[in-house]
Amino acid sequence: MAGEKKNNNSRKTTSALIVFSLSLLLFTPLTSGYSGGNGLSADGSGGDGCTCHGVVSDSSVIPAITLVGGAQEIVAGSTYTLEISLTGGPAVGGSNSGGFLLDVNSGEIASADDNTLVNGAGDEATHSTSGNDQRTWQINWTADSTDDAQFNLRVNSVNGDGQMTDDDDWNMATFFLHADGSIDQTAIEGEARLDVPDWTQDAIILGSVSLMIILTYLGFINKKGRGRRGEY
């Protein structure tokens, strides 16, 4: 009987550990990021804004993308330097000033210096640890066609106190680089940051169903064990 009780307690401990581990999986963030940057998204969407520095975007923060040196036309295979910048928000102070997160739907991005980081696919860029001490950055972009390229830009204007609070301000906008080298800007509504990608919803549903199945199985095993003890 003592051995049976010990085995039963072991099963309960194992069951509790499994349930705890699965519960943690359900709340594990489903994005990856670089240290020092805003974080490059796992699905290529560029993320949904800098909500760690305040839930609501601030229209006083102005994101901008310009083509360094200008260009009369975009040629497939050619590389161009883009300047990313922001104005507005809290006054510059402390050790940090700002940051950005950029994604593009065509061509390939590359770092122009140590102040930026680019993901392996070459379609997203963010500031590095050294790059958060400024509000202007440069990246290189190689065109793969003469079609319009869409850049989604999120910028973060911080006060330099080292804290992620509402005292910092952020905003985001979409830019279209045309074949003639001109750039148009379209603002992104603040509510867009609350959209949840379909793959995230599917992962949560799958995780919940898996957890329910395992809990049901563990309950059956425990009930079966209690039934066996009643036989003695």
**Prompt:** Restricting attention to the stretch 76-84, does a residue exist that is closer than 21 Å to Thr174 by Cα and modelled with pLDDT under 95?
**Reply:** no
**Message:** Going residue by residue through the stretch 123-132, is there one that turns out to be more than 22 Å from the chain's Cα centre (by Cα) and farther than 16 Å from Leu102 by Cα?
**Reply:** no
**Selection count where residues are assigned to a loop (DSSP other than H, G, I, E, B) and farther than 20 Å from Gln150 by Cα, scope the stretch 70-103** = 10
**Request:** Being assigned to a strand (DSSP E or B) and without any contact (Cβ under 8 Å) to a residue 40 or more places away in the chain is the filter here, so list the residues in the stretch 109-124 that pass it.
**Result:** Ile109, Ala110, Ser111, Thr116, Val118
**Checklist (1) in contact with a Ser or Thr (Cβ under 7 Å, 6 or more places away or on another chain); (2) at pLDDT below 95; (3) of a type in the set (Gly, Ala, Ser) applied to Gly46, failing item** = (1)
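From the list Asp103, Asp133, Asp123, which one is among the charged types (D, E, K, R), buried (at least 22 other Cβ atoms within 10 Å of the Cβ) and in the same structural domain as Met172 (by TED's automatic domain parsing)?
Asp103
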**Message:** Could you go through the stretch 128-137 and let me know if any residue there is among the charged types (D, E, K, R) and without any contact (Cβ under 8 Å) to a residue 24 or more places away in the chain.
**Reply:** no
**Message:** Any residue that is closer than 30 Å to Gly70 by Cβ, surrounded by 13 or more Cβ atoms within 10 Å (Cβ to Cβ) and modelled with pLDDT under 70 - is there at least one of those in the stretch 213-225?
**Reply:** no
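The values are calculated or read from the model by the stated rules, or taken from the named source; none is laboratory data. Given the structure is predicted, the values throughout are model-derived calculations rather than measurements. In this analysis, Cβ positions are derived from the backbone assuming ideal geometry, glycine residues included, and neighbour counts consider all displayed protein chains.
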